[in-house]
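See below for the structure under consideration.
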């Protein structure tokens, strides 16, 4: 029975359906709680939150549900070179972006002292709050972080966009792996090779990952209904992660206009681009993407561009 | 029962498995016959063959099997501008390619009077020989061609890489449509928008096509075993088209070295590129692709580059 799998037993949820974690303020405690109360695993993308804010969000979640849920973080890029704040690059991208800020009447942000949150502080908050599941993208946490999760009974879940990444996640002793195909919305989670060289479709990725890892595989990318869930199981997945479809929910952090654009978007209207955040991500094609594409190579890396 | 579908009944084959047609000399009458004799639908990619040669091949096929089979052609690009032989472009690409011909000790080909075969002559040969199925890529045949097929009891099958292409194929009165996802090997069959803007994964493409067309949908792209077939059916496909996996067969036109590279290739080792033929195609990543990528925009269109 598909609702009684190793995944549902270990996670303590009736249905092997995981809500994909959203960044950019689209995650909400209400959506997470609605999914978990309905028998799936709600997730919250906390990457842009400080440690204090993470503690608050987990407290809020626990007022809304006593069911299992996941908190998701981004693994920082180890190569600090890529994050070096290059004054020339910043100046260049400021010139490129200024017209868009002007058009929208939004003030251009000041260049901060650092880009992104302090991962160790975020992680301390998570370890203290002990959510049932800690999930992550863009890499694999250090051994001591994974051990600290295990010591506290926190299940771990990594994201792979290639077979090699899935094998690395399995070898690190992570509990579950999301095999995230080319179709997936939002950021590509690639970390071993450039995202542009890690573009495998869900149909090709899932069965290859299933054959190569010992841990349960969660299929992600292009799954939005029961047909997709059945297909993912046929390919050997033990659960599915559904992201974009949950943005249709009132409980998500989407605005009405965003929902309208997402769910009236015609097939093929999404593209992969790094113009928004500096990392390759799938989003609805728009003027900004089309116009900035010519400058894609000169844009700073994530999270600077973000 | 998955072996008794509208597809298998109409095609008169026991299993709804279609062998993908190969170009570049990889198709063979032996492989086609082996697939058809085993209960699938063998296909032969005849695009690079003259009308006479097509007649010969179909005769040869009929000495090997009396089971149903398909002959596949490319629909020529209507916009003759794109095919204009531009002397400057030819000179430029000759300079770029010369080192590879030298390295391999192969003589550089003379520039022909025309690129590609005469489609109308090819089509006349097919109409005269009446293969059970005529399949095509890169577009939709003219109304009179489709009508001539219908008049002769030849079933027709088009290839779509987007929902819009599938809808256009359905509207033209074609009998079946292949929904060919991003994962598929070889050429992308895109014809309404540039192939680079028509990159939908099988998992996303198939169910959207199924919802939008009235004719049976054949799933293609990343399918290589029973798991994939079951998944494709879960997504609403009525048959599958499997290409690359059949290149493992001794009966295919592959050399031993090619088979070794194909089936020892590690996951992720394939890429989409237009450097070989001028059209976007998925192949094994190699030095030539990596080196020529920088010149991709200046290469002539298919079939000139081919």
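Below, the figures for the structure above:
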| item | result |
| --- | --- |
| Percent of Cα-Cα distances greater than 16 Å, calculated over the stretch B:140-202 | 45 percent |
| CD proxy at 222 nm, helix term only [per DSSP H run n ≥ 4: -39500 (n - 2.57); per residue of chain A; nearest 500] | -10500 deg cm²/dmol |
| Pair residue B:95, residue B:263: separation of 7 Å Cα→Cβ label points (nm) | 4.4 nm |
| Inter-copy spacing of residue B:12 label points, which lie 7 Å from Cα along Cα→Cβ, given in nm from shortest upward | 6.2 |
| P(r), alpha carbons of the stretch A:31-181 - 5 Å bins starting at zero, rounded % | 2, 8, 15, 17, 16, 14, 11, 9, 6, 2, 0 |
| Among A:103, A:241, A:208, residue whose mean-square fluctuation peaks in a GNM of chain A (springs only between Cα atoms under 10 Å) | A:103 |
| Between 0 and 90°, nearest 10: helix B:51-64 axis offset from chain B longest Cα axis | 50 degrees |
| Projected label distance in nm at residue B:6 and residue B:245, using a 7 Å step from Cα toward the beta-carbon | 2.4 nm |
| Bridge type composition, the protein assembly as shown - antiparallel percent by DSSP, nearest 5 | 20 percent |
| Cα-Cα P(r), chain A, percent of pairs per 10 Å interval | 6, 27, 37, 23, 6, 0 |
| Whether the protein assembly as shown is rounded, prolate or oblate, judged on the alpha carbon gyration tensor where a/c under 1.5 counts as rounded | prolate |
| Cα-projected label distance for residue A:256 with residue B:151, points at 7 Å along beta-carbon direction, nm | 5.7 nm |
| Antiparallel DSSP beta bridges within chain B, as percent of all bridges there, nearest 5 | 20 percent |
| Rounded tilt (10° steps) of A:87-104 against the dominant C-alpha axis of chain A | 90 degrees |
| Listed residues A:288, A:233, A:176, most fluctuating in chain A (Gaussian network, C-alpha, under 10 Å) | A:288 |
| Overall form of the stretch A:117-269 per C-alpha gyration tensor (a/c, 1.5; a/b vs b/c) | oblate |
| Percent of Cα-Cα distances greater than 18 Å, calculated over the stretch A:92-175 | 57 percent |
| Label 7 Å beyond Cα on the Cβ vector: residue A:128 copy-to-copy distances, nm | 8.5 |
| Other protein chain Cβ atoms within 10 Å, averaged over every residue that makes up A:228-241 | 4 |
| GNM flexibility winner over chain A from A:179, A:220, A:237 (Cα, springs under 10 Å) | A:237 |
| Other-copy label distances relative to residue A:259, 7 angstrom Cα-Cβ extension, nm | 5.6 |
| Degrees separating the helix B:119-129 axis from the principal Cα axis of chain B, which is the longest one | 30 degrees |
| Separation between Cα centres of the stretch B:127-172 and the stretch A:229-260, rounded to whole Å | 36 Å |
| Cα coordinate range in the stretch A:1-78, projected on the principal axes (Å, largest first) | 40, 33, 18 |
| Cα shape, the stretch B:185-282, gyration tensor, a/c 1.5 rule | oblate |
| Per-residue mean of C-beta atoms belonging to partner chains within 10 Å, peptide A:182-192 | 2 |
| Shielding of B:219-225 by partner chains, average beta-carbon count, 10 Å | 4 |
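Where a number appears in this text, it was derived from the coordinates with a stated rule and is not lab data. Since the structure is predicted, the reported quantities are computational estimates derived from the model, not experimental observations. Backbone-built Cβ (ideal geometry, glycine too); neighbour counts: all protein chains shown.
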